[in-house]
1. Kindly evaluate A:W271 against the criterion of being more than 30 Å from the chain's Cα centre (by Cα), assigned to a strand (DSSP E or B) and farther than 14 Å from A:M313 by Cβ.
2. So how many residues does segment A:69-90 have that are more than 30 Å from A:N161 (Cβ to Cβ) and assigned to a loop (DSSP other than H, G, I, E, B)?
3. Looking only at segment A:91-136, count how many residues are touching a Gly at 6+ places or on another chain (Cβ under 7 Å) and assigned to a loop (DSSP other than H, G, I, E, B).
4. Tell me which residues, restricted to segment A:77-106, are more than 29 Å from A:K3 (Cα to Cα) and crowded, with 23+ Cβ neighbours inside 10 Å.
5. Which members of segment A:164-194 meet the condition of being part of a loop (DSSP other than H, G, I, E, B), surrounded by fewer than 18 Cβ atoms within 10 Å (Cβ to Cβ) and more than 18 Å from the chain's Cα centre (by Cα)?
6. Name every residue in segment A:27-81 that is within 14 Å of another protein chain (Cβ to nearest Cβ) and of a type in the set (F, W, Y), in order of residue number.
7. Working only within segment A:115-138, note down all residues that are surrounded by 16 or more Cβ atoms within 10 Å (Cβ to Cβ) and more than 15 Å from the chain's Cα centre (by Cα).
Amino acid sequence: MAKHATPLLDQLESGPWPSFVADIKEEAERRRKNEKNVEYQIPSDVCDDLLGILELSYKDGTTHWKHGGIVGVFGYGGGVIGRYCDQPQMFPGVAHFHTIRVAQPAGMYYTSDFLRQLCDIWDMRGSGLTNMHGATGDIVLLGTTTPQLEEIFFELTHNMNNDLGGSGSNLRTPASCLGESRCEWACYDAQELCYQLTMEYQDELHRPAFPYKFKFKFDGCPNGCVASIARSDMSFIGTWKDDIRIDQEAVAAYIGGELKPNGGAHSGKDWGAFDIQKEVIDLCPTECMWIEDGKLKINNRECTRCMHCLNVMPRALRIGNDRGLSILVGAKAPILDGAQMGSLLVPFIKVEEPYDEIKEIIEAIWEWWMEEGKNRERLGELIKRQGLAKAISAIGATPVPQHVMEPRHNPYIFWKEEDVPGGWQREIAEYRKHHQR
Amino acid sequence: MADPKDIVVEFIKSKEKSKSKFYFNDLSALFPDMKMREAKKIINQLVADGVLEYWSSGSTTMYGLPGSGKQASAEGED
(Lines give C-alpha, C1' and ligand atoms only; values in the text may rest on other atoms or scores of the structure.)
Protein backbone atom coordinates (compact mmCIF):
# COMPACT_ATOMS: atom_id res chain seq x y z
CA MET A 1 0.00 0.00 0.00
CA ALA A 2 1.47 3.34 -1.05
CA LYS A 3 2.24 5.80 1.75
CA HIS A 4 0.94 8.83 -0.15
CA ALA A 5 -1.86 9.09 -2.66
CA THR A 6 -0.35 10.29 -5.96
CA PRO A 7 -3.10 10.83 -8.54
CA LEU A 8 -1.12 13.33 -10.62
CA LEU A 9 1.93 11.06 -10.79
CA ASP A 10 -0.25 8.04 -11.56
CA GLN A 11 -1.47 9.84 -14.65
CA LEU A 12 2.12 9.97 -15.92
CA GLU A 13 2.17 6.18 -16.03
CA SER A 14 -0.68 6.06 -18.52
CA GLY A 15 1.39 6.85 -21.62
CA PRO A 16 2.90 4.17 -23.86
CA TRP A 17 6.44 5.00 -22.77
CA PRO A 18 8.35 3.65 -19.76
CA SER A 19 7.68 5.75 -16.70
CA PHE A 20 10.04 6.89 -13.97
CA VAL A 21 7.00 6.92 -11.66
CA ALA A 22 6.50 3.17 -12.18
CA ASP A 23 10.22 2.64 -11.48
CA ILE A 24 10.13 4.59 -8.22
CA LYS A 25 6.96 2.80 -7.12
CA GLU A 26 8.61 -0.54 -7.81
CA GLU A 27 11.61 0.41 -5.69
CA ALA A 28 9.33 1.71 -2.91
CA GLU A 29 7.55 -1.63 -2.88
CA ARG A 30 10.81 -3.55 -2.86
CA ARG A 31 12.07 -1.54 0.10
CA ARG A 32 8.81 -2.09 1.97
CA LYS A 33 9.11 -5.87 1.56
CA ASN A 34 12.88 -5.96 2.10
CA GLU A 35 13.13 -9.61 1.17
CA LYS A 36 16.93 -9.54 1.29
CA ASN A 37 16.91 -8.12 4.85
CA VAL A 38 19.06 -5.15 3.95
CA GLU A 39 20.03 -3.03 6.96
CA TYR A 40 18.79 0.23 5.54
CA GLN A 41 20.92 3.14 6.74
CA ILE A 42 18.53 5.80 5.51
CA PRO A 43 14.74 5.81 5.98
CA SER A 44 13.24 2.80 4.22
CA ASP A 45 10.33 4.92 2.98
CA VAL A 46 12.63 7.28 1.05
CA CYS A 47 11.05 6.30 -2.28
CA ASP A 48 7.51 6.72 -0.91
CA ASP A 49 8.35 10.18 0.36
CA LEU A 50 10.03 11.04 -2.92
CA LEU A 51 6.77 10.26 -4.72
CA GLY A 52 4.90 12.24 -2.06
CA ILE A 53 6.99 15.39 -2.40
CA LEU A 54 6.85 15.18 -6.18
CA GLU A 55 3.06 14.93 -6.05
CA LEU A 56 2.93 17.94 -3.74
CA SER A 57 5.18 19.90 -6.12
CA TYR A 58 2.86 19.10 -9.02
CA LYS A 59 -0.11 20.15 -6.92
CA ASP A 60 1.48 23.39 -5.71
CA GLY A 61 3.19 24.15 -9.00
CA THR A 62 6.45 24.85 -7.17
CA THR A 63 9.48 22.94 -6.02
CA HIS A 64 9.93 21.77 -2.47
CA TRP A 65 13.65 21.16 -2.82
CA LYS A 66 16.30 23.42 -1.38
CA HIS A 67 19.34 23.14 -3.53
CA GLY A 68 23.01 23.53 -2.79
CA GLY A 69 25.20 23.44 0.29
CA ILE A 70 27.47 20.61 1.31
CA VAL A 71 29.64 19.57 -1.53
CA GLY A 72 31.42 16.42 -0.73
CA VAL A 73 33.56 14.33 1.47
CA PHE A 74 36.67 15.49 3.28
CA GLY A 75 39.23 16.96 0.88
CA TYR A 76 36.85 16.98 -2.07
CA GLY A 77 35.06 20.04 -3.42
CA GLY A 78 32.75 18.14 -5.72
CA GLY A 79 31.07 14.83 -6.36
CA VAL A 80 28.13 15.44 -4.04
CA ILE A 81 25.23 17.75 -4.77
CA GLY A 82 23.35 18.71 -1.66
CA ARG A 83 19.59 18.59 -1.74
CA TYR A 84 17.17 19.16 1.12
CA CYS A 85 13.41 19.09 1.30
CA ASP A 86 11.51 22.10 2.67
CA GLN A 87 8.74 19.91 4.15
CA PRO A 88 10.79 17.50 6.27
CA GLN A 89 7.94 16.81 8.75
CA MET A 90 5.63 15.70 5.97
CA PHE A 91 8.34 13.78 4.09
CA PRO A 92 11.02 12.72 6.59
CA GLY A 93 12.40 10.10 4.19
CA VAL A 94 13.67 12.82 1.87
CA ALA A 95 14.64 15.46 4.44
CA HIS A 96 18.12 14.93 2.94
CA PHE A 97 18.25 13.66 -0.62
CA HIS A 98 21.80 14.27 -1.80
CA THR A 99 23.07 13.19 -5.19
CA ILE A 100 26.43 11.45 -5.51
CA ARG A 101 28.34 11.39 -8.78
CA VAL A 102 30.62 8.42 -9.31
CA ALA A 103 33.24 8.12 -12.04
CA GLN A 104 32.21 5.66 -14.71
CA PRO A 105 34.79 3.33 -16.23
CA ALA A 106 36.20 4.47 -19.60
CA GLY A 107 33.88 3.30 -22.36
CA MET A 108 31.39 2.24 -19.65
CA TYR A 109 32.63 -1.33 -19.40
CA TYR A 110 31.36 -2.99 -16.25
CA THR A 111 31.72 -6.37 -14.68
CA SER A 112 28.52 -7.74 -13.20
CA ASP A 113 30.41 -7.99 -9.92
CA PHE A 114 31.07 -4.25 -9.95
CA LEU A 115 27.42 -3.45 -10.65
CA ARG A 116 26.28 -5.80 -7.91
CA GLN A 117 28.62 -4.18 -5.38
CA LEU A 118 27.47 -0.73 -6.41
CA CYS A 119 23.80 -1.68 -6.07
CA ASP A 120 24.43 -3.33 -2.70
CA ILE A 121 26.07 -0.18 -1.35
CA TRP A 122 23.30 1.97 -2.73
CA ASP A 123 20.48 -0.26 -1.45
CA MET A 124 21.94 -0.11 2.03
CA ARG A 125 23.20 3.47 2.19
CA GLY A 126 21.02 5.27 -0.32
CA SER A 127 17.60 5.27 -1.93
CA GLY A 128 18.34 2.46 -4.36
CA LEU A 129 17.55 4.85 -7.22
CA THR A 130 20.25 5.51 -9.79
CA ASN A 131 20.65 7.32 -13.05
CA MET A 132 22.83 5.27 -15.40
CA HIS A 133 24.23 7.47 -16.73
CA GLY A 134 24.02 11.22 -16.17
CA ALA A 135 24.35 13.61 -19.11
CA THR A 136 28.09 13.96 -18.50
CA GLY A 137 28.41 10.19 -18.48
CA ASP A 138 28.95 9.48 -14.82
CA ILE A 139 27.05 7.11 -12.55
CA VAL A 140 24.52 9.16 -10.62
CA LEU A 141 23.33 7.85 -7.26
CA LEU A 142 20.15 9.68 -6.28
CA GLY A 143 19.27 10.37 -2.68
CA THR A 144 21.14 9.78 0.56
CA THR A 145 21.66 11.50 3.89
CA THR A 146 24.67 13.51 5.08
CA PRO A 147 26.03 10.90 7.56
CA GLN A 148 26.20 8.30 4.77
CA LEU A 149 28.47 10.35 2.48
CA GLU A 150 31.80 9.44 4.07
CA GLU A 151 30.72 5.80 4.43
CA ILE A 152 29.82 5.55 0.76
CA PHE A 153 33.03 7.30 -0.23
CA PHE A 154 35.08 4.87 1.86
CA GLU A 155 33.44 1.83 0.32
CA LEU A 156 33.72 3.19 -3.23
CA THR A 157 37.40 3.99 -2.89
CA HIS A 158 38.62 1.16 -0.65
CA ASN A 159 36.45 -1.76 -1.70
CA MET A 160 35.65 -0.90 -5.29
CA ASN A 161 38.77 1.03 -6.32
CA ASN A 162 36.57 3.78 -7.72
CA ASP A 163 36.22 7.50 -7.15
CA LEU A 164 33.70 10.30 -7.05
CA GLY A 165 33.07 12.25 -10.23
CA GLY A 166 33.03 15.99 -10.72
CA SER A 167 30.45 18.63 -9.86
CA GLY A 168 30.58 22.37 -9.30
CA SER A 169 33.22 24.64 -10.83
CA ASN A 170 35.69 21.93 -11.65
CA LEU A 171 36.77 19.45 -14.29
CA ARG A 172 33.82 17.10 -14.74
CA THR A 173 34.16 13.36 -15.00
CA PRO A 174 35.87 12.82 -18.37
CA ALA A 175 34.12 10.49 -20.80
CA SER A 176 35.38 8.45 -23.75
CA CYS A 177 33.94 6.18 -26.40
CA LEU A 178 34.76 2.48 -26.64
CA GLY A 179 37.83 3.41 -28.64
CA GLU A 180 40.27 0.78 -29.76
CA SER A 181 38.76 -1.81 -27.45
CA ARG A 182 36.09 -2.64 -30.01
CA CYS A 183 36.15 -0.17 -32.86
CA GLU A 184 38.28 -0.30 -35.98
CA TRP A 185 37.58 3.38 -36.68
CA ALA A 186 39.34 4.53 -33.50
CA CYS A 187 42.22 6.78 -34.55
CA TYR A 188 43.77 6.79 -31.08
CA ASP A 189 43.31 4.96 -27.80
CA ALA A 190 40.49 7.14 -26.45
CA GLN A 191 40.08 5.14 -23.25
CA GLU A 192 43.77 5.34 -22.43
CA LEU A 193 43.94 9.11 -23.02
CA CYS A 194 40.75 9.57 -20.96
CA TYR A 195 42.23 7.57 -18.11
CA GLN A 196 45.65 9.23 -18.21
CA LEU A 197 44.23 12.75 -18.24
CA THR A 198 41.79 11.86 -15.47
CA MET A 199 44.71 10.72 -13.33
CA GLU A 200 46.84 13.72 -14.27
CA TYR A 201 44.14 16.24 -13.43
CA GLN A 202 42.86 14.81 -10.16
CA ASP A 203 43.27 18.16 -8.47
CA GLU A 204 41.17 19.92 -11.11
CA LEU A 205 38.55 17.18 -10.85
CA HIS A 206 38.13 17.25 -7.10
CA ARG A 207 39.06 20.76 -6.04
CA PRO A 208 37.00 23.41 -7.82
CA ALA A 209 38.75 26.61 -8.88
CA PHE A 210 37.52 27.24 -12.41
CA PRO A 211 35.11 30.05 -13.32
CA TYR A 212 32.51 27.35 -14.08
CA LYS A 213 32.26 23.73 -15.15
CA PHE A 214 34.71 22.27 -17.66
CA LYS A 215 34.18 19.07 -19.62
CA PHE A 216 36.57 16.83 -21.52
CA LYS A 217 35.30 14.19 -23.91
CA PHE A 218 37.21 11.76 -26.09
CA ASP A 219 35.90 10.49 -29.41
CA GLY A 220 38.08 7.94 -31.16
CA CYS A 221 36.90 9.04 -34.62
CA PRO A 222 34.71 11.74 -36.19
CA ASN A 223 31.60 9.54 -35.82
CA GLY A 224 31.64 11.03 -32.34
CA CYS A 225 29.87 8.39 -30.28
CA VAL A 226 30.21 10.46 -27.10
CA ALA A 227 29.19 13.61 -29.04
CA SER A 228 32.19 15.49 -27.71
CA ILE A 229 31.86 18.16 -30.40
CA ALA A 230 28.45 19.15 -29.07
CA ARG A 231 28.80 18.87 -25.32
CA SER A 232 32.32 19.33 -24.07
CA ASP A 233 34.39 22.43 -23.48
CA MET A 234 37.36 20.60 -24.92
CA SER A 235 36.77 17.70 -27.27
CA PHE A 236 39.39 15.29 -28.56
CA ILE A 237 38.33 13.75 -31.84
CA GLY A 238 40.40 11.15 -33.61
CA THR A 239 41.41 11.86 -37.21
CA TRP A 240 44.06 10.98 -39.77
CA LYS A 241 46.35 13.00 -42.02
CA ASP A 242 47.02 10.66 -44.93
CA ASP A 243 44.63 8.95 -47.32
CA ILE A 244 41.59 6.77 -46.72
CA ARG A 245 42.68 3.21 -47.45
CA ILE A 246 40.65 1.73 -50.29
CA ASP A 247 40.19 -1.97 -50.97
CA GLN A 248 38.93 -1.87 -54.58
CA GLU A 249 37.88 -5.54 -54.53
CA ALA A 250 35.63 -4.87 -51.56
CA VAL A 251 34.24 -1.76 -53.28
CA ALA A 252 33.30 -4.01 -56.21
CA ALA A 253 31.75 -6.51 -53.79
CA TYR A 254 29.54 -3.76 -52.32
CA ILE A 255 28.53 -2.65 -55.80
CA GLY A 256 27.87 -6.25 -56.81
CA GLY A 257 25.76 -6.88 -53.71
CA GLU A 258 28.01 -9.53 -52.12
CA LEU A 259 28.68 -7.25 -49.16
CA LYS A 260 25.84 -5.56 -47.34
CA PRO A 261 26.14 -1.77 -46.93
CA ASN A 262 26.28 -0.37 -43.39
CA GLY A 263 27.21 -3.80 -42.09
CA GLY A 264 23.69 -4.98 -42.86
CA ALA A 265 22.21 -2.49 -40.41
CA HIS A 266 19.28 -1.54 -42.65
CA SER A 267 18.31 -5.08 -43.65
CA GLY A 268 14.89 -4.91 -41.96
CA LYS A 269 13.34 -3.49 -45.12
CA ASP A 270 13.99 -3.96 -48.82
CA TRP A 271 15.65 -0.74 -49.97
CA GLY A 272 16.57 -2.14 -53.38
CA ALA A 273 20.03 -2.81 -54.72
CA PHE A 274 22.93 -0.80 -53.30
CA ASP A 275 23.61 2.24 -55.47
CA ILE A 276 27.09 3.58 -54.76
CA GLN A 277 26.49 6.74 -56.78
CA LYS A 278 23.32 7.66 -54.97
CA GLU A 279 24.14 6.39 -51.50
CA VAL A 280 27.80 7.32 -51.21
CA ILE A 281 29.30 9.49 -53.93
CA ASP A 282 26.42 11.96 -54.25
CA LEU A 283 26.21 12.29 -50.47
CA CYS A 284 29.87 13.24 -50.00
CA PRO A 285 29.65 16.76 -48.54
CA THR A 286 32.81 17.96 -50.27
CA GLU A 287 32.12 16.05 -53.50
CA CYS A 288 35.58 14.53 -53.42
CA MET A 289 34.68 11.01 -54.64
CA TRP A 290 34.12 9.56 -58.08
CA ILE A 291 34.31 6.30 -60.01
CA GLU A 292 36.96 6.07 -62.74
CA ASP A 293 37.56 2.94 -64.83
CA GLY A 294 35.45 0.95 -62.38
CA LYS A 295 37.55 2.07 -59.43
CA LEU A 296 36.56 4.35 -56.56
CA LYS A 297 38.72 7.48 -56.37
CA ILE A 298 38.95 9.97 -53.50
CA ASN A 299 40.54 13.40 -53.52
CA ASN A 300 41.73 13.11 -49.93
CA ARG A 301 42.82 16.75 -49.69
CA GLU A 302 39.16 17.76 -49.85
CA CYS A 303 37.90 15.14 -47.39
CA THR A 304 36.47 16.58 -44.16
CA ARG A 305 36.29 13.22 -42.32
CA CYS A 306 32.49 13.14 -42.33
CA MET A 307 32.82 9.33 -42.09
CA HIS A 308 29.76 8.63 -44.24
CA CYS A 309 31.56 6.56 -46.89
CA LEU A 310 33.49 4.61 -44.24
CA ASN A 311 30.30 3.87 -42.36
CA VAL A 312 28.49 2.63 -45.46
CA MET A 313 31.36 0.50 -46.75
CA PRO A 314 33.47 -0.47 -43.73
CA ARG A 315 35.12 -3.41 -45.49
CA ALA A 316 36.17 -1.30 -48.47
CA LEU A 317 37.21 1.98 -46.86
CA ARG A 318 39.34 2.33 -43.78
CA ILE A 319 40.80 5.21 -41.80
CA GLY A 320 44.28 6.35 -42.80
CA ASN A 321 47.45 5.18 -41.09
CA ASP A 322 48.90 8.55 -40.01
CA ARG A 323 46.60 9.03 -37.05
CA GLY A 324 46.15 11.52 -34.26
CA LEU A 325 43.42 13.79 -33.01
CA SER A 326 41.89 17.22 -33.46
CA ILE A 327 41.14 19.42 -30.46
CA LEU A 328 37.98 21.50 -30.51
CA VAL A 329 36.95 23.95 -27.83
CA GLY A 330 33.91 25.74 -26.53
CA ALA A 331 30.89 23.54 -27.13
CA LYS A 332 27.75 23.67 -25.02
CA ALA A 333 27.29 27.12 -23.56
CA PRO A 334 23.56 27.41 -23.25
CA ILE A 335 23.25 30.33 -20.85
CA LEU A 336 24.32 33.22 -23.03
CA ASP A 337 23.94 32.28 -26.63
CA GLY A 338 22.17 28.96 -26.86
CA ALA A 339 23.86 25.66 -27.54
CA GLN A 340 26.95 25.82 -29.72
CA MET A 341 29.31 23.32 -31.28
CA GLY A 342 33.03 23.24 -30.60
CA SER A 343 35.43 25.31 -32.70
CA LEU A 344 38.56 23.76 -34.12
CA LEU A 345 41.63 24.79 -32.15
CA VAL A 346 44.27 22.21 -33.07
CA PRO A 347 43.72 20.55 -36.47
CA PHE A 348 46.07 17.64 -35.83
CA ILE A 349 48.21 16.43 -32.98
CA LYS A 350 49.88 13.08 -32.46
CA VAL A 351 48.71 11.03 -29.49
CA GLU A 352 51.88 9.78 -27.92
CA GLU A 353 52.77 8.93 -24.34
CA PRO A 354 53.24 10.74 -22.02
CA TYR A 355 50.85 13.10 -23.85
CA ASP A 356 52.88 16.18 -22.93
CA GLU A 357 51.94 18.12 -26.06
CA ILE A 358 48.25 17.63 -25.35
CA LYS A 359 48.68 18.58 -21.69
CA GLU A 360 50.47 21.79 -22.65
CA ILE A 361 47.50 22.86 -24.75
CA ILE A 362 45.00 21.98 -22.02
CA GLU A 363 46.91 23.89 -19.38
CA ALA A 364 47.42 26.94 -21.61
CA ILE A 365 43.69 27.08 -22.27
CA TRP A 366 42.89 26.75 -18.56
CA GLU A 367 45.38 29.47 -17.72
CA TRP A 368 43.68 31.83 -20.19
CA TRP A 369 40.14 30.94 -19.13
CA MET A 370 40.90 31.22 -15.40
CA GLU A 371 42.51 34.60 -16.00
CA GLU A 372 39.98 36.10 -18.40
CA GLY A 373 36.77 34.14 -17.84
CA LYS A 374 34.01 35.77 -15.83
CA ASN A 375 32.29 33.87 -13.07
CA ARG A 376 29.92 31.27 -14.53
CA GLU A 377 31.27 31.85 -18.03
CA ARG A 378 31.95 28.67 -20.01
CA LEU A 379 34.99 28.51 -22.26
CA GLY A 380 32.75 28.77 -25.33
CA GLU A 381 31.27 32.00 -24.06
CA LEU A 382 34.70 33.47 -23.40
CA ILE A 383 35.70 32.56 -26.96
CA LYS A 384 32.56 34.28 -28.26
CA ARG A 385 33.32 37.36 -26.18
CA GLN A 386 37.01 37.69 -26.94
CA GLY A 387 37.30 35.86 -30.23
CA LEU A 388 38.84 32.57 -31.29
CA ALA A 389 42.05 34.42 -32.14
CA LYS A 390 42.64 34.97 -28.41
CA ALA A 391 42.23 31.27 -27.73
CA ILE A 392 44.66 30.48 -30.54
CA SER A 393 47.26 32.89 -29.21
CA ALA A 394 46.70 31.52 -25.67
CA ILE A 395 48.13 28.19 -26.82
CA GLY A 396 50.93 29.95 -28.71
CA ALA A 397 49.72 28.85 -32.14
CA THR A 398 49.28 30.84 -35.32
CA PRO A 399 45.95 30.89 -37.12
CA VAL A 400 45.56 28.51 -40.06
CA PRO A 401 42.77 28.35 -42.66
CA GLN A 402 41.01 25.59 -40.70
CA HIS A 403 40.32 28.13 -37.95
CA VAL A 404 38.23 30.27 -40.27
CA MET A 405 34.53 29.46 -40.38
CA GLU A 406 33.46 32.23 -42.74
CA PRO A 407 34.95 35.34 -44.39
CA ARG A 408 35.42 37.98 -41.72
CA HIS A 409 32.50 40.30 -41.12
CA ASN A 410 34.57 42.77 -39.12
CA PRO A 411 36.40 45.11 -41.53
CA TYR A 412 38.90 46.31 -38.94
CA ILE A 413 42.26 44.63 -38.58
CA PHE A 414 44.40 45.52 -35.62
CA TRP A 415 47.98 44.60 -36.32
CA LYS A 416 50.41 43.96 -33.55
CA GLU A 417 53.74 45.76 -33.89
CA GLU A 418 55.67 42.49 -33.82
CA ASP A 419 53.62 41.16 -36.74
CA VAL A 420 54.58 44.06 -39.04
CA PRO A 421 58.02 43.89 -40.75
CA GLY A 422 60.07 46.74 -39.28
CA GLY A 423 57.47 47.48 -36.62
CA TRP A 424 55.89 50.95 -36.52
CA GLN A 425 59.14 52.65 -37.64
CA ARG A 426 60.04 53.04 -41.30
CA GLU A 427 63.15 54.02 -43.20
CA ILE A 428 62.07 57.46 -44.40
CA ALA A 429 64.89 57.84 -46.98
CA GLU A 430 63.91 54.55 -48.58
CA TYR A 431 60.26 55.62 -48.65
CA ARG A 432 61.10 58.98 -50.29
CA LYS A 433 62.80 57.25 -53.20
CA HIS A 434 59.31 56.33 -54.41
CA HIS A 435 57.04 58.90 -52.79
CA GLN A 436 57.39 62.69 -52.92
CA ARG A 437 56.65 64.88 -49.94
CA MET B 1 54.68 38.25 2.04
CA ALA B 2 51.94 38.12 4.68
CA ASP B 3 50.36 34.80 5.60
CA PRO B 4 47.83 33.92 2.86
CA LYS B 5 45.40 32.86 5.55
CA ASP B 6 45.41 36.37 7.06
CA ILE B 7 44.97 37.99 3.65
CA VAL B 8 41.99 35.83 2.77
CA VAL B 9 40.29 35.97 6.17
CA GLU B 10 40.75 39.72 6.41
CA PHE B 11 39.25 40.18 2.94
CA ILE B 12 36.24 37.99 3.67
CA LYS B 13 35.60 39.70 7.01
CA SER B 14 35.77 43.13 5.34
CA LYS B 15 32.91 42.07 3.07
CA GLU B 16 31.00 40.28 5.80
CA LYS B 17 28.03 42.63 5.78
CA SER B 18 27.18 42.23 2.11
CA LYS B 19 28.57 38.86 1.10
CA SER B 20 29.24 35.52 2.71
CA LYS B 21 30.32 33.44 -0.27
CA PHE B 22 32.96 34.19 -2.85
CA TYR B 23 33.93 32.97 -6.26
CA PHE B 24 37.42 31.62 -6.76
CA ASN B 25 38.17 34.73 -8.83
CA ASP B 26 37.43 37.02 -5.89
CA LEU B 27 39.98 35.19 -3.76
CA SER B 28 42.65 34.62 -6.37
CA ALA B 29 42.57 38.37 -7.06
CA LEU B 30 44.13 38.79 -3.62
CA PHE B 31 47.29 37.22 -5.01
CA PRO B 32 47.84 39.27 -8.17
CA ASP B 33 51.44 38.18 -8.71
CA MET B 34 50.55 34.54 -8.77
CA LYS B 35 49.42 32.38 -11.65
CA MET B 36 45.86 31.20 -11.19
CA ARG B 37 46.81 27.58 -10.75
CA GLU B 38 49.30 28.52 -8.03
CA ALA B 39 46.70 30.59 -6.21
CA LYS B 40 44.43 27.57 -6.42
CA LYS B 41 46.90 25.54 -4.39
CA ILE B 42 46.95 28.13 -1.61
CA ILE B 43 43.19 28.50 -1.48
CA ASN B 44 42.67 24.75 -1.50
CA GLN B 45 45.11 24.39 1.35
CA LEU B 46 43.00 26.84 3.33
CA VAL B 47 40.00 24.60 2.68
CA ALA B 48 41.94 21.53 3.78
CA ASP B 49 42.98 23.38 6.95
CA GLY B 50 39.37 24.25 7.70
CA VAL B 51 39.84 28.01 7.32
CA LEU B 52 37.51 28.10 4.32
CA GLU B 53 34.56 25.94 3.32
CA TYR B 54 33.22 24.99 -0.08
CA TRP B 55 29.63 25.72 -0.98
CA SER B 56 28.19 24.34 -4.18
CA SER B 57 24.94 24.71 -6.05
CA GLY B 58 25.84 21.64 -8.06
CA SER B 59 26.95 23.70 -11.02
CA THR B 60 28.98 26.43 -9.35
CA THR B 61 31.26 26.29 -6.35
CA MET B 62 31.94 29.15 -3.97
CA TYR B 63 34.09 29.68 -0.90
CA GLY B 64 33.27 31.10 2.51
CA LEU B 65 34.18 30.94 6.18
CA PRO B 66 32.77 27.77 7.74
CA GLY B 67 29.12 28.03 8.70
CA SER B 68 28.68 31.58 7.44
CA GLY B 69 25.91 32.92 5.28
CA LYS B 70 22.73 31.16 6.17
CA GLN B 71 19.90 32.29 3.91
CA ALA B 72 17.57 32.48 6.92
CA SER B 73 19.49 35.32 8.52
CA ALA B 74 19.55 37.28 5.28
CA GLU B 75 15.76 37.12 5.25
CA GLY B 76 15.38 37.98 8.94
CA GLU B 77 14.21 34.53 10.03
CA ASP B 78 16.77 33.90 12.78
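1. Values: more than 30 Å from the chain's Cα centre (by Cα): yes; assigned to a strand (DSSP E or B): no; farther than 14 Å from A:M313 by Cβ: yes.
So A:W271 fails the test.
2. So the count comes out to 5.
3. Total meeting the criteria: 7.
4. Across segment A:77-106, the qualifying residues are A:G77, A:G78, A:G79, A:V102, A:Q104, A:A106.
5. Quick first cut of segment A:164-194, residues part of a loop (DSSP other than H, G, I, E, B) only: A:165-170, A:172-174, A:177-178, A:182-189.
Now drop any that are not surrounded by fewer than 18 Cβ atoms within 10 Å (Cβ to Cβ), which leaves A:178, A:182-184.
Within segment A:164-194, A:R182, A:C183, A:E184 qualify.
6. A:W65, A:F74, A:Y76, listed by residue number.
7. Residues satisfying the conditions are A:Q117, A:L118, A:I121, A:W122, A:D123, A:M124, A:R125, A:G126, A:S127, A:G128, A:L129, A:T130.
Yes/no per residue for (1) within 14 Å of another protein chain (Cβ to nearest Cβ); (2) part of a loop (DSSP other than H, G, I, E, B); (3) within 15 Å of A:R231 (Cα to Cα):
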| position | (1), (2), (3) |
| --- | --- |
| A:S326 | no, no, no |
| A:K332 | yes, yes, yes |
| A:Q340 | no, yes, yes |
| A:F348 | no, no, no |
| A:E352 | no, yes, no |
| A:K384 | no, no, no |
| A:P411 | no, yes, no |
| A:W415 | no, yes, no |
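The values are calculated or read from the model by the stated rules, or taken from the named source; none is laboratory data. Values in this document were obtained by computation on a predicted structure and should not be read as measured data. Glycine also receives a Cβ, built like all others from the backbone with ideal geometry; neighbour counts cover every protein chain displayed.
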